[in-house]
Each structure stands twice: as C-alpha cells, then as structure tokens.
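To start, the structure itself, in structure tokens.
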Amino acid sequence: MSQLTLRTTTYLLIATALWAGNAIAGRALVGSVSPITLSAVRWGLAALILLPFGWQIFKPGSELWQYKGRFLLLSLFGVGSYNVLLYLALQTSTAINVTLIGASMPMWMLFIGAIFYQTRPTPLQMVGVLVSLSGVIIVLTRGEPTSLLNMQIMMGDLFIMLATILWALYSWMIGRPGSSSERQWPWAQFLLAQVMIGFLWTMVFEGAEIASGNAFIVVDELTAPLIIFVAIGPSLIAYRCWGLGVAGAGPTVAAFFANLIPLFTAVFSAAILGDPPRVFHGLAFILIAVGILVSSSKRLSASS
C-alpha cells in the first residue's frame, strides 16, 4: 500500500530540487546548445555512465525484451519527448514560468488516473484542481487574467504544458504495480532501459533538428560543467529518486511534490540568473499550493 514516509518524502524532494536546477541550467544554455542537441547529449552521457551498472539488459535472456513495448512508451513519455519539449519551452519562456506551468501536474495526474486507471477523483480533489488551474492561468496570462480575451500564448508555454501531460502518463506507468515497475527491477537496469531507449527517441528528434540546420553546440568552460550536471543530477539521480518516490507514495501524491519545483526554481533564479520571481508568480504559487492542500486533504484524513 502506497504511503508517504520520511524516506519517500526525501526522495521526492531531491528529485524536484534537481529538476529545478535542470530548468535553470537549460535556460543558461540557451544560445550555447540547441534544445534537442542538449537533450541528446544529456541522455547519451547518462547512458554511458549507467552502462557499467546495468549492461545486463542487453543479454538475450533479459526481461527487457518481454516488456519492450512498455519501455518504448516509458522512454518516449519520460525521457525522449518530455525533455525535448522542456528545452524547447526554455527557448521562449522563463525558467520560473516553465516550472509553474508544470505545477499543473496534479490536475493531469487526476484526469489520467480517472481515464486510464479507474481512479476516480473526489469532488474535493476536483475543487483543488480548479484552484491550482487558476494559478496556472495567472502564469499563462503573465498576471493579467483579463488578457485571455486577446492574449498570444507563447510557444514555450504550450510545449511545457504538453510535456507535463506526458510526464503524468509516465508517472502512472512506473507507479502501477507490475513486472515492469520500479520495485520489480534492479535499479540500474530499469533506469538504463529507459535512458537508452529514450536516447534513441531523442536521436530521432535530433535528426530533424540537424536536417533543419538548427542543431549546434558550443563547448566551453561554462557549458561543459552544466551539461555534465544535467546528465548526472536531473537525469540519473532525480529519475532514480522520482521512481522510488512514486513507488512509495503513489503517482497522485508524488505529483503534488512537483509543485515544489517553482519554489526551488525561484530561489535558484534569484541566486544564479538574476531573474527573481514577480508578484504574479507568487500569487500563482499560492493558488497552486492551496489547490494541493485541498486536493490532498481527503487522502490525509483517510490515512490518519
């Protein structure tokens, strides 16, 4: 039975803090590395680092081949498409906006659970979702909800919204009990299978970027350590911690922790990028946080 323990909480906090760092690094690398090339290099390095620990997946008798269809989807949703869309979003949207829009994940997690996994949300959870959604709208409208009538949504905002939906699908897939869940596999093999196949998906997208003439990378004293960071921290460590957190707490509760990413990002932005949050960011975060509390109150009372 899924439950929120101190260990599970720690796993989810580590993952969200590292992903906030990923948003900052991705924003800092704009102009130095094209978005899909960054994703390809990131996952290629991550796969090389994991290879000595999980190479057994390539053996003919590996269980990977029994679940290759599921790993193809896991890798597409959680590694390939999500990260490409994230880095594309960071080309035109700020790191704080990207992470705040990503804070709509509880809403998508509830919807996907209801549609595909027969986990019906309670009325109280839906109220919480609507409150959280109002916070997301504030981000999309840059703090002026009346501008919805004539607003021009930035492409980066749409990219991160799609990425969030795909991540919710990914989280449900790894959180659902079964032979290809986080709990059933040696951790290095489970992660390497996702990373390797996700890298192949990313290379498909990279081919399109190369063909369009938009692929580039400048390796210097700034970009090199940032690329190494995103290959180790937000990739290997964060994905491992998120998998453990989802396995322990369940997909819906874990999704609430994604709403901590904007807080971490705001702090990192102020310290590193000189891009402090604005008033509407704070208002949006408060609304999203209230939505989380309302949505989770039913679960908390049921478990007390």
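Amide hydrogen proximity for Thr122: with H placed 1.01 Å from N in the peptide plane, no residue at 5 or more positions away or on another chain lies under 5 Å.
Cα convex hull of the range 6-303: mean projected area in nm², to one decimal?
On the way: hull surface 64.5 nm².
Approximately 16.1 nm², given one-decimal rounding.
Scoring 68-81, 14-27 by mean Cβ neighbours within 10 Å over their residues and listing the highest first yields 14-27, 68-81.
Most tightly packed first, judged by the mean number of other beta-carbon atoms within 10 Å of their residues, the peptides 41-50, 84-93 read 84-93, 41-50.
FYI, it's all coordinate maths here, none of it is from the lab. As the structure is a computational prediction, the values presented were derived from the model and not from experiment. Here Cβ is always computed from backbone atoms with ideal geometry, including for glycine, and neighbour counts include all displayed protein chains.
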